[in-house]
Amino acid sequence: MENQREKENGSFKSRIAYLKPYIASLLEPAKIIWQDPLGRAGSIIFLVICFIALFAPWLATHNPNEMNQRIEGSVISFNEDKEWKDYEIIGDDPINDMSSDENTVVAVTEENQVIIAQDDRWEEEEIDPEIELLAVTIFDDQIIAAGRSGQIAIRDNDSWEYETIPTEVDINALASSQDNSEVLAVGDEGSVFLYSDADWEELESEENQDLNAVDFSPAGDAIIVGNQGTIMHYEAKEITDPEYEAFGEETFRDLYDVDYSLAEKAFAVGERGTIMGFSGEAWYSTSGDTSRELRGVTVLAENNALAAGYHGVIQHFDGEEWYSLDRITTRGYRGIDFFENQGFVYGVDPYINELAPPSTEHFFGTNHLGRDIWSQVVYGSRTALLVGILAALMVNGIGFTVGLVSGYYGGKVDNLLMRIVDIMYGMPLEPFAIVLVLIFGPSLWIIILAIGLLTWRTNARVIRSQVLSLAKRPFVKAARVAGASNLRIMLVHISPNVLPLAFLQLAVAMGYAITAEATLSFLGLGPPRVYSWGTILHAARLSGAWRVAWWWVIPPGIFISATVVSVFLISRSVEVMTNPRLRGGNDSAPEPEESEDVLPHGQ
Amino acid sequence: MNQKGYLLKRILQMIFSYLIILTLLFFLFRIALPDPTAALVVEGLSEEERQLVQARFGLDQPLWRQYITYLVNFFQGELGISFHYRGPVFPILVDRLYNTLALMIPAIIVSYVIGPLLGVLLSWKRGSSTEFTGIVSGLIMRSAPLFWTGMIFVMIFGIWLGIFPTSGMRTMPYEAAHFFDKIFTLDFLWHLILPMLTVAIYYLGLPMLIMRNTMLEVMGEDFIELCRAKGLSERKIMYHHVARNALLPVVTQAAVTVGLAVGGQVVVEVVFSWPGLGREIVQAIQTSDFPLAQGAFMMMSGVVLVMNFAADMIYSYLDPRVGQGGGK
């Protein structure tokens, strides 16, 4: 028993001993690479790429599939000649309503923020309870803001006071009369409230629809509009239904804003580009040249009005008809406001942050779907390395075996294997992969398989020529005389000597595989929903945006080049050792993978 | 073995390799499309009509007969009917092959004229920073993926500077009676520059590095020592003796590269919308045009095999040691 274990132990130890030359021949290249400055640079780059691939989920700042939205409160100001200023971001949340008088411009946001313009600067003021503010108006010296669940905030002498309307309905709009005697608030389910002498009073209306906007005329009467074509006239606490010239589909659409700043004339706008006009006696429907939702309307002067809405639409009324002005952005505006000489288009709806140039939020910018390119590139390194390593192992496994067998046995075996290599050389890689994808459908494995099945040809030739010279060496003959089997000679005596060369070939094959994977993915042969550097560029090309979005094109290419260069640099320093001719000189020479093909087989 | 025997043997080997590739292709496409009439059934073909179609195209025959027909048709230049173009595949592909060659040959000429010259320079300046820069930039040129450099070129020269057209061979619409009419124009040259530079830069690194390496090897040989002893000038030694001998692998590589370029550089044609063989095979995949894809692959691998053969022949001609005893 004891004896047997010892025997086993012994044989195990002696087996381990066989591994020694393998380990040594693997460690030696590592040493050599590190001694060569270029090899060191290459291995550092390569290690960095490996690090990125390993820690991709932590390094990626966004989910690469997420269509990143931007949420911001912004205004575009304009004057009465319709000269537009730049898009200006004034807050972190979309602006729901704005109001202005001679001294003050005030905006309210979705969150509990009021933004007040002071000396050309926007000052944010947070109000205490968390109210989603929907409306604001300036009433004398007061700022009245209102929002969800009937909550109202009133700013008087720099301090805020809060109240809640008992019915707790959402208040959608506020308007103060031009003589500052009363304020109307309208909200969901047809509710109308009147504020005068610091007191809220609910007015009777027969409407059940949600009311969206209200505006006073200079004469002191007001118009209220709401969903499904609701229009109501208000005068001295009385609410009446207006006259219509005709009823049609347009008269029953949701209306979102109304402007009644000129006496006897009003415009209301709403969904699907609906524009309703009031002639002083009756309402008539008209329309512009857009079918997008209009959220705001304002009258600048007689025969001069503007409406703004979804997807950056701005419509202009020149006294006769409404037509689109050139888009400044394609974002969803929430309204438009004008007082005396200055107006604002404000909003905006959260929008997809598409084709954003690099910033601190998106290091490499975003693509046409608002996806973060840095995160895609980071995840792409995983695909590149996975394909690179697996394909290189496959290439090397086949190439090494074929080369070893072919070089050692020679004769007919050699001839047959080399004919197969010739056939492999007759098939170009990309078309071969294309045909495979056509047949088996796109997947990462097909790409690995295509590279693995085809490109071992170079390895086989290189290994074979090395084995050929080794097989004639005295130590091989000695082993044979000593009675070693062919397998033993190949594995124990020859392989360790070919291993450095195989290592070099592994590096070269890896560089080649990474390029090939990128190329095939670029052609759209990669699997969908897997990020690789090639697919990123494929998407860029497909979208057409690559011609301007340089941040989308440059990073993946740099990563591919860096990875492949690093592998080439590593292989170049190994070559110093494996190519004795080059070792003799005072400098070593790099030989990219195809240089081995220079000599026809048999050389 | 004499030169003639070697030549004959290599030709036979080449034909044999090609036959194997054709066979492989036949069976691959049989896996992909076991019954081509299946698609027709969807279009409302009855079972009887379908059998009629199968009989007409010989699809009811046993596999080996179909295989024989396939080979016979191939050698008669009948590669089938393209689904997409609704015409015979062969003439379409020949036209595309010319277009590809019109792009690749100038590119390879440029890279194989400039590359070796740079290689000589590098070997001359051995150990200097020039050599270091040369080697590193050579490696970078070979590492940057072709399609990416192509995209960058289009972006810089085509879009930002707007000095070169970014796609196609000629400005549309144009009329050309035949191929040479099409390419011997300034307009063609204008379209050629960007894609040609892209390919040329990619291929430049290889002959440069090969030239440098072989120059270094040849410089260590005895006969160079002898030349020095004879008192020849350094310049004369470099150009007459070293470079001439070092050119050998470069020339061989040039032939191999032509083959690879025709078969392998699909992406450049895609990026620049160059109506060549590579772009055709990609489009054939997108439109599931099996006969066209198959024909394009046959043509590509044919060119690759012929060019590999040419490389061998050039080599054995330039270095007679190969033909005799060598290449077994």
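Structure summary
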read-out	value
Kyte-Doolittle at least 1.0, axis length at least 18 Å by Cα - qualifying DSSP helices, chain A	A:37-54, A:373-409, A:495-522, A:550-578
Lysine-lysine proximity count for chain A, Cα under 24 Å, sequence distance 8 or more or distinct chains	8
Prolate/oblate/rounded label for region A:238-318 (Cα gyration tensor, a/c 1.5)	oblate
Linear extension gain, B:Ile31 paired with B:Gln283, 0.36 nm per residue minus alpha-carbon span	88.7 nm
Members of region B:133-156 that become less accessible by 50 Å² or more once partner protein chains are added (1.4 angstrom probe, chain alone as reference)	B:Leu139, B:Arg142, B:Ser143, B:Pro145, B:Phe147, B:Trp148, B:Met151, B:Met155
Euclidean distance of C-alpha centroids, region A:235-286 and region B:119-138, integer Å	80
Accessible area per residue in Å² at 1.4 Å probe, computed on the protein assembly as shown	45
Within the accessible area of the protein assembly as shown (1.4 Å probe), percent carbon and sulfur	56
For chain A: relative contact order, % (alpha-carbon pairs under 8 angstrom, 6 or more apart)	13
Contact order relative to length of region B:97-320, as percent, for alpha carbon pairs under 8 angstrom and 6 or more apart	29
Between region A:37-82 and region B:147-165, the Cα center-to-center distance that results, in Å	25
Nearest-20 debye value, the protein assembly as shown charge dipole, Cβ charges on Lys, Arg, Asp, Glu	14600
Separation between Cα centres of region B:84-101 and region A:301-359, rounded to whole Å	53
Region A:75-352: C-alpha pair distances exceeding 36 Å, %	7
Full-extension gain in nm, A:Val492 to A:Trp445, via 0.36 nm per residue minus C-alpha separation	13.6 nm
Accessible area buried between chains A and B, both sides summed, probe 1.4 Å, in Å² to nearest 100	5700
10 °C / 1.306 mPa s Stokes-Einstein diffusion coefficient of region B:97-320, Kirkwood radius on C-alpha pairs, µm²/s	82
log₁₀ of I(q)/I(0) at q = 0.05, 0.06, 0.08, 0.09 Å⁻¹ - the protein assembly as shown, Debye sum with one point per alpha carbon	-0.47, -0.63, -0.87, -0.97
Given charges at Cβ of Lys, Arg, Asp, Glu: the protein assembly as shown dipole, positive-most of A:Ile49, B:Val306, A:Ala391	B:Val306
Förster-model FRET efficiency, 35 Å R0, A:Leu26 and B:Ser137, C-beta, rounded to 0.05	0.70
Excluding exposed DSSP-loop trypsin sites (Lys or Arg not before Pro) (at most 12 other C-beta within 10 Å), longest clean stretch of chain A	A:1-236
Residues in region A:152-178 reached by a label modelled at A:Ser196 [backbone nitrogen below 14 Å; 7 Å Cα→Cβ]	A:176-178
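The values are calculated or read from the model by the stated rules, or taken from the named source; none is laboratory data. None of these values were measured; they are calculated from a predicted model. Because the Cβ atoms are built from the backbone with ideal geometry, glycine has one as well, and the counts that use them run over all protein chains shown. Just so you know, the surface numbers come from the protein's heavy atoms only, side chains and all, with ligands and any DNA or RNA stripped out. Shrake-Rupley method; radii C 1.70, N 1.55, O 1.52, S 1.80 Å.
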